[in-house]
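Notes for the one structure printed next.
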Amino acid sequence: MKIIVVAGARPNFMKIAPIVRGFKMHGTGLKGDELIWRLVHTGQHYDYEMSQTFFEELEIPQPDYFLNAGSGSHAEQTAKVMIEFEKVCNAEKPDVIVVVGDVNSTLACSITAKKLNIKVSHVEAGLRSGDMTMPEEINRIVTDSISDYLFVTEKSGLENLEREGRSSNVFFVGNVMIDTLFFQLEKLRKQVKKGENKAEVQVERGDKKSKYAVVTLHRPSNVDDKDTLRGIMEALIRISEDMPVMFPAHPRTKKNIESFGLMNNINSSGIEMLPSLPYMAFLQLWKDASLVLTDSGGLQEETTALGVPCFTIRENTERPVTIDEGTNVLVGTTKQGILSEYTAFRNGTSKKGRVPELWDGKAAERIVDLLIR
Ligand code: UD1
């Protein structure tokens, strides 16, 4: 059997790492083996700190193909990936491809493969925000609707897929993002024990006893609109009066903060702007935070897995288990919304959570077993 695994953007890399590790346990993946696999990087994210650093830290092998899709409008980016991925599929003739998550590369490669009659497996299937203004929601729905095998992270995914008429080849396997989290956390612990912790050097605010918050923001609906971004930044500036706010910024966010003229206020506040961080440095930072504020999908899940309080700066989430069972709270995108939840948090009423079912570090093993079977 020949499998192509696809990754394109930063949040994909943590999801393919344990799957590739699972494949490696079944042999070299080369010609003559029972399982032959190839890795494709679409190049949707291309900066060193958005891409290569994750390959290094997560021990992902160099891709067999790099498609160089780069940035552009949604149509341009999707089209470029499709054109280049079709060439790879024609050359390699895989039996099945594996796509993860909900980025434009996920959509582009699943459509391309399906039209060549190649089976499509979607890891992280069934998540729905109900918000069709989110590009990722469109990517999720289209990808799931044409996928042959659907691997689901939480029970809401099973319900969503059933409602959409999908009942066969749907597998509740757990969360590959959490596989990576537990794997890398163990590595971090060993590094710290041996005094070889490189991440510590990069995050110099090493005073773990003082409280601090960590922020990530990148969603176009939050960072491309000046008034929305200003309101969010004002809330963060207020929080930074109580504790340092560490803010590793996505390239899109950094560019907009500068062009909207918001940098001066940030510079005179307790917000510390950082570049996008590598996986380990970021893990070390957020795992000890008093509070994480984010509009990311993955970080909602990761904070729930480690029991770190999380404010999601969005009106909805496709990952409801992080709210129903985890530490996540939806706070909306306005200054008032964020600060009113923050007041409750400061008064000690932050919610406690538990780790959702099957988020046990073994999701990729289940997926690889199912694919081989
Ligand atoms: C993409 C995903 C989003 C995911 C996010 C994580 C889609 C629709 N969106 O959004 O779901 O949560 O990645 O980061 O696929 N840029 C760089 N360097 C890079 C990549 C991008 O500077 O390596 C800049 C470019 O100016 C680009 C912008 O960031 O136009 C946005 O990149 P893009 O891949 O279009 O979307 P993201 O906002 O990163």
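Run the numbers on the chain and let me know its relative contact order in percent, using alpha-carbon pairs under 8 Å that are six or more apart.
Normalised by residue count, the contact order of the chain is 16 percent.
For the chain, what does -39500 (n - 2.57) per DSSP helix run (n ≥ 4), summed and divided by total residues, give at 222 nm, in deg cm²/dmol to the nearest 500?
-13500 deg cm²/dmol
How big is the charge dipole of the chain about its Cα centre, in debye rounded to the nearest 20, if each Lys and Arg gets +1 on its Cβ and each Asp and Glu gets -1 on its Cβ?
Here the chain has a charge dipole of around 480 debye.
Between Glu34 and His74, with labels modelled 7 Å along Cα→Cβ, what's the label distance in nm to one decimal, could you check?
Roughly 4.2 nm, to one decimal.
Which whole-number percent gives the relative contact order of region 183-346, counting Cα pairs below 8 Å spaced six or more residues apart? Working shown, then result.
Numbers: 234 pairs, mean separation 38.0, N = 164.
With pairs under 8 Å counted, the relative contact order is 23 percent.
For the chain, give the percent of accessible area contributed by carbon and sulfur heavy atoms, probe 1.4 Å, rounded to a whole number.
On the way: 8030 of 15920 Å².
That share works out to 50 percent.
Against the longest principal axis of the chain, how steep is helix 104-115, in degrees 0 to 90 to the nearest 10, with axes from Cα atoms?
Around 20 degrees separate the two axes.
Helix 176-194 versus the longest principal axis of the chain: what is the Cα-based angle in degrees, 0 to 90, to the nearest 10?
Taking the Cα atoms of the chain, the angle to 176-194 is about 60 degrees.
Quick query: amide H of Ile97 versus all other amide H atoms, modeled in the peptide plane; which residues come in under 5 Å with a sequence gap of 5 or more or a different chain?
It is Ile4, Lys119, Val120, Ser121, by chain and number.
List the residues whose amide H sits under 5 Å from the amide H of Ala249, counting only those 5 or more places along or on another chain, with H placed 1.01 Å from N in the peptide plane.
Leu274, Ser276
Hand me the trypsin sites (Lys or Arg not before Pro) from region 285-352 located in a DSSP loop with no more than 13 other Cβ atoms within 10 Å, in residue order please.
Sparse-neighbourhood loop trypsin sites (Lys or Arg not before Pro): Lys351, Lys352.
If you rank His41, His250 by how much accessible surface each has, with a 1.4 Å probe, what is the order from largest down?
Listed by decreasing accessible area, they come as His250, His41.
Take each of the peptides 123-132, 301-310, 226-235, average the number of other beta-carbon atoms within 10 Å over its residues, and list them starting from the highest.
Sorting 123-132, 301-310, 226-235 by mean packing, highest first, produces 301-310, 123-132, 226-235.
Could you go through region 217-232 in sequence order and give the Karplus-derived ³J(HN,Hα) for each residue, using 6.51 cos²θ - 1.76 cosθ + 1.60 with θ = phi - 60°, rounded to whole Hz, and x for Gly and Pro?
Running phi through 6.51 cos²θ - 1.76 cosθ + 1.60 with θ = phi - 60° gives 8, 8, 5, x, 5, 8, 10, 8, 9, 4, 5, 5, 5, 4, x, 5 Hz.
Scan around Leu330 for amide H atoms under 5 Å from its own, H built in the peptide plane at 1.01 Å from N, and keep only partners 5 or more places away or cross-chain.
Counting only residues 5 or more places away or on other chains, the set is Thr312.
For the chain, find the longest principal axis of its Cα atoms and tell me its angle to the long axis of helix 10-24, 0 to 90°, nearest 10.
Once rounded, the angle reads 40 degrees.
Give a residue-ordered list of calculated ³J(HN,Hα) values for region 304-316 (Karplus: 6.51 cos²θ - 1.76 cosθ + 1.60, θ = phi - 60°; whole Hz; x for Gly, Pro).
4, 5, 9, x, 8, x, 9, 9, 9, 8, 8, 8, 8
Heavy atoms of the protein only, probe of 1.4 Å, neighbouring chains included. What is the accessible area of Val170 in Å², nearest 10?
Using a 1.4 Å probe on the heavy atoms, I get roughly 30 Å².
Determine ³J(HN,Hα), in whole Hz, for all residues of region 26-38 in sequence, where each value follows from phi through the Karplus function 6.51 cos²θ - 1.76 cosθ + 1.60 and θ = phi - 60°; x replaces Gly and Pro.
Each residue of region 26-38 in turn: 9, x, 7, x, 9, 3, x, 6, 5, 10, 10, 9, 10 Hz.
The values are calculated or read from the model by the stated rules, or taken from the named source; none is laboratory data. All figures in this text were calculated on a predicted structure; none of them were measured in a lab. With ideal geometry, Cβ positions are generated from the backbone for all residues, glycine too; neighbour counts draw on all protein chains shown. SASA here: full protein model, heavy atoms, side chains in, ligands and nucleic acids out. Shrake-Rupley method; radii C 1.70, N 1.55, O 1.52, S 1.80 Å.
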